[in-house]
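The next block holds one structure in the form of structure tokens; read it before the comments.
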Amino acid sequence: MARAASPAAVLLSVHAVVFDTDGVITDSAPAHAAAWKKAFDACLATHEGQRPFDEEDDYRRYVDGKARMDGAAAFLASRGLDLPEGGPDDPPGTGTVRAVAARKDEAFTLRLRDRPVEVWPGTVRLLHVLREARVPFAAASASRHATELLAGAGLLDLFTAVVDGNEARRLGLPGKPDPALFTETARRLGVPPGDTAVVEDALAGVEAGRRGGFGLVVGVDRTDSPEGAAGLRRHGADLVVADPGDLLINGED
């Protein structure tokens, strides 16, 4: 008779796990990248000589894992565009950093209405196994949509805590690569960072886990490429997996 799957020994070396959401639990990274492209390309079109936003390289390098304003500012700066920050009530547009960020959020929200976001089966399997093993875990995300996405996927009740972009804004937490989002999530789990693992696919998030002194930083490389894995390791990943489900040991007959 086959034994049930169990967490790999590396996970059992810690007492809690913090999961990033986009790209780790939900397959929402492509939707975020497409929304950023709409927002950035509209802005870039108003400046001569600018090439379009690249949904793979530019997304991963400048905006993946970051708070929306931080990502918008980082990418625009990379193209030498010094837009004013603008105000919190700026409508979607191209004239300020806040307007570009608002345009991205508008595009992402519209996309969610048309195409519900899927979840990664391997991660969901890991979540259920961790729950059976009584290892507490939480979700952390710079996205203000994270709680909504987890609820829509029927996963929200699995988590001991969720700290999303709305909570980060309420608490005034700086964005990744600052570790504040992760350390606040570990605090809510009641486990010190040194005894907690972070599972993250973004370079900024992996760096945040390392800066925060987390006991284990797992990089998730959905590209399954040497370059992607190397980048995660350079930013502080202790190990890199193609999918969080790889952190399971399957029972044998």
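The values are calculated or read from the model by the stated rules, or taken from the named source; none is laboratory data. These numbers were taken from a predicted model, which means no experiment stands behind them. Note that we place each Cβ from the backbone using ideal geometry, even for glycine, and neighbour counts take in every protein chain shown.
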Next item on the list: Scan Ala42, Ala4, Ala34 and give me the residue that is outside any helix (DSSP H, G or I), touching a helix residue (DSSP H, G or I) at 6+ places or on another chain (Cβ under 8 Å) and touching a residue at least 40 places away in the same chain (Cβ under 8 Å).
Entry: Ala4
Note to self: Could you go through segment 115-125 and let me know if any residue there is over 23 Å from Asp221 (Cα atoms) and loosely packed, with under 14 Cβ neighbours inside 10 Å.
What the structure shows: yes
Check: Among the residues of segment 120-161, which ones are more than 21 Å from Val63 (Cα to Cα), out of contact with any Pro (no Cβ under 9 Å at 6 or more places or on another chain), among the aliphatic types (A, V, I, L, M) and not in a helix (DSSP H, G or I)?
Finding: Ala138, Leu155
Next item on the list: Out of the residues in segment 194-203 that are in contact with a His (Cβ under 8 Å, 6 or more places away or on another chain) and crowded, with 24+ Cβ neighbours inside 10 Å, state the one that is farthest from Thr183 (Cα to Cα).
Entry: Leu203
Check: So which residues in segment 36-73 are modelled with pLDDT under 95, surrounded by 21 or more Cβ atoms within 10 Å (Cβ to Cβ) and closer than 17 Å to Ala146 by Cβ, if there are any at all?
Finding: Val63, Asp64, Gly65, Lys66, Ala67, Arg68, Asp70, Gly71
Notebook entry, point to check: Restricting attention to segment 216-227, does a residue exist that is touching a strand residue (DSSP E or B) at 6+ places or on another chain (Cβ under 8 Å) and in a helix (DSSP H, G or I)?
Noted result: no
Note to self: Any residue at all in segment 145-153 that's assigned by TED's automatic domain parsing to the domain that holds Leu203, modelled with pLDDT under 95, in contact with a Lys or Arg (Cβ under 9 Å, 6 or more places away or on another chain) and of a type in the set (D, E, K, R)?
What the structure shows: no
Check: Which one is surrounded by the fewest Cβ atoms within 10 Å (Cβ to Cβ) among residues in segment 205-236 that are within 18 Å of Ile25 (Cα to Cα) and modelled with pLDDT under 95?
Finding: Asp224
Notebook entry, point to check: Which condition breaks for Ile249 when tested against (1) surrounded by fewer than 24 Cβ atoms within 10 Å (Cβ to Cβ); (2) at pLDDT 95 or above; (3) hydrophobic (A, V, I, L, M, F, W, C)?
Noted result: (2)
